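S.K.: If you scroll down you'll find the structure; I have some questions about it.
Where a number appears in this text, it was derived from the coordinates with a stated rule and is not lab data. Since the structure is predicted, the reported quantities are computational estimates derived from the model, not experimental observations. Backbone-built Cβ (ideal geometry, glycine too); neighbour counts: all protein chains shown.
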C-alpha cells in the first residue's frame, strides 16, 4: 500500500494533535504545541512538518528543524495501528533530506527515555545514543 508523505499546513493542526494523542506522544497543548505557537512554525522556511497518510487519515508525523548547525528531529509519531511498517524511517529520511538541502550535515533527536518506539526508530535509522550527553533546558513556563 502507498502511504504518501506531504508537508503539513496550519489547517492540519487539529489532525496533527489527534495523531499525537493516539500515539501517546507527550505534548504541550497550552505552550509550545498550542495552535498559536505552532502556526508560526508551519511557515518557517527551515522547518518541515511532515505527515504520512493512509487515504485522508494522518498516520504519522515528524517535525524537522534547523538551528543553523544541526538538524533536529522532533515529535516523531506513528499511529499505533500502523507501527512496524517502516513508516517512522521514511519520515526520518524525508526530514533529513529536507534539512540536508540547507547544508545541514549533523542530525540529532532528543527522545524521552520511556518512548521506546521512537528510540527503536531512530536506532534503525542509524542514530547513535550518546550516553555521555546530558540534556539541560531552561523554560519560560511549564508548558514550553
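S.K.: Where a ≥ b ≥ c are the square roots of the eigenvalues of the C-alpha gyration tensor, would you call the chain rounded, which needs a/c under 1.5, or, failing that, prolate if a/b is larger than b/c, or oblate?
M.R.: The shape class here is rounded.
S.K.: What shape does the range 1-68 take by its C-alpha gyration tensor, where a ≥ b ≥ c are the square roots of the eigenvalues and a/c under 1.5 counts as rounded, a/b above b/c as prolate, and the rest as oblate?
M.R.: Judged from the Cα gyration tensor, the range 1-68 comes out oblate (a/c at least 1.5, b/c at or above a/b).
S.K.: Same structure, new question: Please give the contour-minus-distance gain from residue 67 to residue 10: 0.36 nm per residue of separation, less the Cα-Cα distance, rounded to one decimal in nm.
M.R.: Value of the extension gain: 18.4 nm.
S.K.: Based on DSSP H runs of at least 4 residues, each adding -39500 (n - 2.57), what is the mean residue ellipticity at 222 nm of the chain after dividing by all its residues, to the nearest 500 deg cm²/dmol?
M.R.: -8500 deg cm²/dmol
S.K.: Now for a separate question. With a point put 7 Å past each Cα toward its Cβ, work out how far residue 142 is from residue 97 in nm, to one decimal.
M.R.: Distance between label points: 4.2 nm.
S.K.: Follow-up. With each pseudo-label sitting 7 Å past Cα toward Cβ, what's the residue 41-residue 108 distance in nm, one decimal?
M.R.: Here the answer is 1.7 nm between the modelled labels.
S.K.: FRET efficiency for residue 135 and residue 56, Cβ-Cβ distance as r, R0 = 30 Å, nearest 0.05?
M.R.: Efficiency for this residue pair is about 0.25.
S.K.: Which residue, 55, 64, 24, has the most motion in a Gaussian network model of the chain that connects Cα atoms within less than 10 Å?
M.R.: Highest fluctuation of the listed residues: 55.
S.K.: Residue 81 to residue 127: FRET efficiency via 1/(1 + (r/R0)^6), r the Cβ-Cβ distance, R0 35 Å, to the nearest 0.05?
M.R.: With R0 = 35 Å, the Cβ-Cβ based efficiency is 0.90.
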